[in-house]
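The values are calculated or read from the model by the stated rules, or taken from the named source; none is laboratory data. Being a predicted model, the structure only gives us computed values, none of them experimental. Methodologically, a virtual Cβ is constructed for each residue, glycine included, from the backbone with ideal geometry; neighbour enumeration extends over all protein chains shown. Ligands, DNA and RNA are excluded from the accessible area calculation, which covers all protein heavy atoms including side chains. Shrake-Rupley method; radii C 1.70, N 1.55, O 1.52, S 1.80 Å.
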Amino acid sequence: MPGIPLRNGGPAPRIAVIPGDGIGAEVTPQAVKVLKAVAAFVRQPLEFVKFDWGADKYLREGVSLPPGAVGMLRDEFDAILFGALGDPRVSSNQHAADILLGLRFKLDLYVNARPVELLHDRLTPLRDRTEKDIRLMVIRENTEGLYVGVGGFFKKGTPEEIAVQEDINSRKGVERIIRYAFEYARQHGLNRLCMSDKSNAMTFAHDLWQRVFKEVRQEYTDIDSRHLYIDTLAMEIVRDPSQFDVIVTCNLFGDIISDLGAQLAGGVGLAPSGNIHPGRTSLFEPVHGSAPNIAGKGIANPLGCVLTSAMMLEFLGWKAEATALRTAVRAALRENYVTVDLGGKKRTAEVGDWLAVQSVEALAQQH
């Protein structure tokens, strides 16, 4: 497997690009355009390989994740830039589950990292809150919980039907995500960490979370750590998001609370995410989904995908370039050079072109 590349004389990072469905096929090329622009400016190569996995291929060939795909991605690529999956022609959404959940589980991408950052004051629905008040990281366990598909039906389709969904929590899985969250806080100079569960109701699964948290936190006494039940956390993050730096929680709760956080920071159109296994091939995707109702109209917002690309660059060790992409997105919001969902009048490709130029200018100013 290729390692994280060295900037001076190391191999070019290889990035697998999976645009997917709907607006994923529109915003992903804009992000690639921006990435190519900054790579050209710093004279460092990035190699992109595109894969056509999505609804079209599934409907045409009956193939979602091709045989050997996981091993190829693991062994031949440094990162995966993912667009979105979901198409009304596939009512079961089976291809999306096979590809996205398949890659999360089979590549053991146990960290789902969702930054919640307000990039312009006008975007938050919270009164009198500014950029300094909404800046936190949600770290979600990504390979266990209710998403593993353990369960079944009894007497399906009858009045006596019973549906069972098992919540899977292992000591290994809980400990490594809690430890990752503490390490993230320490490495980024963040002083507050909150672990959230529902151990007062889920007295077996989340008792494990409680016990592991109490053990691991003793190794990180430099970080102010506390526990909140998930319902209390949901209330508190709305009441005062400034009290949080890092939140760590289980798969289901992380899915929900990170979307709540995204809405406080301007909506899912601005929300990036990373599916990460430190030191291994990892997958980066915008949160917004395939949005089939606006697909093909040229109005999709590419900012979330560009911010996702910034996360990917940081993972690859390209920190200056990652900062440049975020600076460009802030400039777009400040100057209202955005698509209609954010109150602007620009088209998807126009925003992509503009961000490419602004990212290079931001890099030039750094140098």
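Before moving on, here are some points about what is shown:
- Bins of 20 Å from zero: percent of alpha-carbon pairs in the chain: 28, 60, 12, 0
- Kirkwood hydrodynamic radius (C-alpha pairs) into Stokes-Einstein, region 1-145, 20 °C and 1.002 mPa s, D in µm²/s: 122
- Per DSSP, loop GluC sites (Glu not before Pro) in region 151-203 with at most 15 further Cβ within 10 Å: GLU160, GLU161, GLU166
- Loop-located trypsin sites (Lys or Arg not before Pro) in region 260-367, at most 11 other Cβ atoms within 10 Å (DSSP): LYS345
- Share of carbon and sulfur in the accessible heavy-atom surface of region 183-265 [1.4 Å probe, %]: 52
- If the chain linking SER91 and VAL340 were pulled fully straight, counting 0.36 nm for each residue of separation and taking away their Cα-Cα distance, it would gain 86.8 nm.
- Our estimate of slack between THR130 and ALA163, defined as 0.36 nm per intervening residue step minus the Cα-Cα distance, is 7.4 nm.
- In range of the label at VAL357: residues from region 25-65 whose backbone nitrogen is under 19 Å from the point 7 Å along Cα→Cβ: 30-42
- Peptide ranges 59-72, 18-31 listed from the most packed, as the mean C-beta count within 10 angstrom indicates: 18-31, 59-72
- For PHE48, the residues 5 or more places off, or on other chains, whose built amide H falls under 5 Å of its own are ILE15.
- Mean Cα-pair separation over length for the chain, i.e. relative contact order, pairs under 8 Å, 6 or more apart, %: 23
- The PHE153 and ALA201 beta-carbon pair, evaluated with R₀ = 22 Å, returns a calculated FRET efficiency of approximately 0.40.
- Listed residues VAL340, VAL329, ASN293: farthest to the positive end of the dipole of the chain (Cβ charges): VAL329
- Protein heavy-atom surface of region 55-177, 1.4 angstrom probe: 51% of the accessible area is carbon and sulfur, with nucleic acids and ligands not counted.
- Highest-first packing order for the peptide set 123-133, 239-249, 203-213 is 239-249, 203-213, 123-133, based on the mean count of other beta carbon atoms within 10 Å.
- Separation of the ALA320 and GLN44 label points, Cα + 7 Å toward Cβ, nm: 0.8
- Members of LYS155/LYS198; LYS33/LYS319; LYS33/LYS297; LYS36/LYS346 lying beyond 25 Å, as alpha-carbon distances in this model show: LYS155/LYS198
- Over region 137-182, the hull volume per residue, using the convex hull of the C-alpha atoms, is 80 Å³.
- Helices in the chain, meaning DSSP H runs of at least 4 residues, each add -39500 (n - 2.57). Divided by all residues, the mean residue ellipticity at 222 nm is -12000 deg cm²/dmol.
- Partner aspartates and glutamates whose Cα lies under 14 Å from the Cα of LYS132, excluding those fewer than 8 positions away in the same chain, are identified as GLU117, ASP121, ASP240, ASP245.
- FRET efficiency, ASP108 to HIS367 (Cβ-Cβ, R0 45 Å, nearest 0.05): 0.75
- Using 0.36 nm per residue and subtracting the Cα-Cα separation, the extra length available between GLU76 and GLU219 on full extension is 47.9 nm.
- Per-residue ³J(HN,Hα) for region 71-78, Karplus 6.51 cos²θ - 1.76 cosθ + 1.60, θ = phi - 60°, Hz, x for Gly and Pro: x, 4, 5, 5, 9, 10, 10, 8
- Tensor-based shape of region 116-234 (alpha-carbon gyration tensor, a/c under 1.5 rounded, otherwise prolate or oblate): oblate
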